[in-house]
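J.: Can you keep this structure in mind? I'll have questions shortly.
Here, each number is a calculation from the coordinates, and none is a lab measurement. Computed from a predicted model, the values in this text were never measured in an experiment. Cβ sites come from the backbone with ideal geometry, for glycine too, and all protein chains shown count toward neighbours.
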Amino acid sequence: MADHDDDPIDPAPATSADDVRDELPDDLDAVGYVGVYEFPDNSRRRVPGVIYLVTGAALVLLWLIYGDGVYVNAGLLFGGVLLLAWGVFCITSGWRMRIDEKEALAAAGEVVGFAIGHASAQQVWRGLRSRPTWRVLCYSAEDPPLLRGLVLVDAVDGRVLEHLVQDSPATDWDE
């Protein structure tokens, strides 16, 4: 009879908490982050846009030089034109954000007409060219809040695009 100590099917020995090595790298651990978070700017879209333009132009140029053959054919031309169009879209939608979430919150405070207590800002995109916009949800400073507001602030020029103010739906927070 075989000894069960050398059994290859035998499960691995139990590990202690010190043996666990699966954790987030320091730069991705939000719990330990101290400092101001800077939201990434949409103008970074221009870099891949230029890469798409250069690659698309090279493909179209290849097709123009070598014509329609086995390796260089209409598929290469179609891919090049598609990359050129996508590159133009990336460059034209790469808006430089001049308004950050703090400035959007200040703009929301001016338009809602009440002192803001709790609030949050979320970046969204509007329109075909993906213009960056801050969506600010804010509550009045009373405890419990009596009013709430939703404000859309253009992240490029700071204009208030739309706003809505209404009574907070749960005015009796104790129930």
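J.: What Kirkwood radius, in Å to one decimal, follows from the Cα pairs of the stretch 32-175?
T.: 18.3 Å
J.: I would also like to ask the following. List the chymotrypsin sites (Phe, Trp or Tyr not before Pro) in the stretch 67-175 that DSSP assigns to loop (not H, G, I, E or B) and whose Cβ has at most 13 other Cβ atoms within 10 Å. Which are they?
T.: 71, 173
J.: Let me ask you something else. Out of the stretch 97-134, which trypsin sites (Lys or Arg not before Pro) are coil in DSSP terms and have no more than 14 other C-beta atoms within 10 Å?
T.: Details: sites: 98, 102, 126, 129; in loops: 98, 129.
Of the trypsin sites (Lys or Arg not before Pro), the ones in loops of the stretch 97-134 whose Cβ has at most 14 other Cβ atoms within 10 Å are 98, 129.
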